Amino acid sequence: MSQHMEPMPHAGITRLKTYVPGKPVEDLKRELGLASIIKLASNENPLGTSPAAEDALAHFDGALYRYPDGAGYEIKSALAERHGVATGQLTLGNGSDDVLELTARVFLGPGRNAVVSQHAFAVYPIVSQAVGATVREVPALGPAADMPYGHDLEAMLGAVNEETAVIFMASPNNPTGTWIDNATLAGFLDRVPSNVVVVLDQAYIEYQSVAEHPPVTEWLARYSNLIVTRTFSKIYGMAALRFGYGLSSPRIADFLNRVRAPFNVNTLAMHCAKAALADTAFIERSVASNTAERASLARELEARGFACLPSQANFVTFDTGRDAQEVFDALLREGMIVRPLASYDLAQHLRVTVGSSAESQAFLSALDTVMSQ
Ligand SMILES: *Cc1c(COP(=O)(O)O)cnc(C)c1O
């Protein structure tokens with residue numbers, strides 16, 4: 001064996017950068033010696049978890065020594081009923097990131113490409129490059145557009161070529177909060193070549209309060225190349241348990257399920273998701289709180305002269321007017337964790353999760369302190 005050779009991953013992996021998640025609260029407490037910390041960095045629900053899901057967890061009397069139901073019979077039945085689709089149209093994921101990854105593994109690979117927008121969710125390029133595909137990143141709409149920094153669907157359509165197999169998009173998008181109205185989306189889906197998969201990531205759809213939500217069930221019947229992804233990490237408050245799913249044609253679901261790890265979703269996640277799904281009161285409370293707090297947070301930021309991106313998600317992204325990393329670092333020292341966006345090509349912006357009204361107050365006062373330094 002030769003002495004100086006190292007195992008080498010394929011080229012897609014060497015070009016990847018490790019995803020940097022928001023800092024855990026405990027790490028920061030330790031590092032900065034702070035007693036209290038507010039984390040508004042990962043778009044978690046400030047109301048916590050659906051009480052029905054917590055109750056289901058507390059009273060779980062199943063057998064932990066048994067493998068999970070790999071077919072997810074019960075939760076799939078509940079989801080199919082909720083969406084008015086067949087259970088064969090569902091793919092369960094260990095978080096919806098898992099479904100994004102399954103999509104890449106099925107449809108992408110060397111010689112194929114994925115089309116994504118600038119300022120789109122970081123997981124799309126990661127899962128694409130990880131399977132050896134290339135990524136065609138399309139410039140987003142400019143700051144002066146009606147939907148500043150939003151996806152430019154015309155340009156994305158223009159970027160589709162012979163090798164394009166998947167288009168990833170989110171509405172509302174993370175980290176911009178921007179969204180796409182139904183007519184625009186349908187017009188886009190009408191024109192995408194039918195052999196190109198369109199992933200419509202709806203991680204934040206429950207929070208969208210303007211305009212009607214896309215008629216997903218109807219669109220799935222009309223567009224056999226559509227995959228819609230949903231998560232229980234955001235409004236359902238179950239980020240730690242990891243549960244998400246994809247909706248698609250039965251044909252696509254069959255492909256995704258072929259590559260899925262047989263027990264990718266754990267028993268507790270499915271058990272709690274079923275309870276959370278039925279807890280519509282918690283979702284209504286979460287939406288009401290978010291809609292009110294999002295508007296007041298944006299208003300307060302604008303009043304301080306910070307331009308906010310229009311958001312239909314559970315966060316507000318705003319222009320600090322300077323290198324946002326410095327503002328981020330100074331906020332950290334005040335015990336406030338938000339999200340810097342330099343890796344998203346938004347070096348002057350910060351993303352702040354819409355918290356409770358007390359958390360927003362604390363954030364604004366920390367920001368005032370930092371800005372006056
Ligand atoms: C948070 C998020 C997800 C999902 O995360 P999971 O926890 O894996 O379900 C997916 N897409 C976007 C745009 C997100 O912000």
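The values are calculated or read from the model by the stated rules, or taken from the named source; none is laboratory data. Note that this is a predicted model, so its numbers are computed, not measured. Virtual Cβ from ideal backbone geometry, glycine too; neighbours counted across all protein chains shown. All accessible areas refer to the heavy atoms of the entire protein, side chains included, with ligands and DNA or RNA removed. Shrake-Rupley method; radii C 1.70, N 1.55, O 1.52, S 1.80 Å.
Solvent-accessible area of the chain (1.4 angstrom probe, protein heavy atoms only): carbon and sulfur portion equals 53 percent. On full extension, the segment bounded by F60 and S194 gains 43.8 nm, given 0.36 nm per residue less the C-alpha separation. Between V25 and R304, the simple spin-label model (points 7 angstrom out along Cα→Cβ) gives 2.1 nm. Roughly speaking, what is the centre-to-centre gap between the stretch 245-304 and the stretch 80-123 when only Cα atoms are used, to the nearest Å? Spelled out, the Cα-based centre of one part sits 14 Å from the other.
Altogether, the Stokes-Einstein calculation at 25 °C and 0.890 mPa s, with the Kirkwood radius of the stretch 121-254 over Cα pairs as Rh, returns a diffusion coefficient of 157 µm²/s. Computed from the Cβ-Cβ distance with R0 of 41 Å, the FRET efficiency linking N266 to E163 stands at 0.65. Computed extension gain for H4 through A86, at 0.36 nm per residue and net of the alpha carbon distance, reaches 24.1 nm. Indicate, rounded to the nearest 5 percent, the antiparallel portion of the DSSP beta bridges found entirely in the chain. Expressed as a percentage, antiparallel bridges in the chain total about 45. Among Y149, Y65, Y344, the residue with the largest mean-square fluctuation in a Gaussian network model of the chain, with springs joining Cα atoms closer than 10 Å, is Y65.
Taken over the Cα atoms of the stretch 172-231, the convex hull encloses 87 Å³ per residue. Taking 0.36 nm per residue of separation and subtracting the current Cα-Cα distance, fully stretching the chain between R15 and R285 would add 92.9 nm. The Rg/Rh ratio for the chain is 0.97, where Rg is the radius of gyration of the alpha carbons and Rh is the Kirkwood radius.
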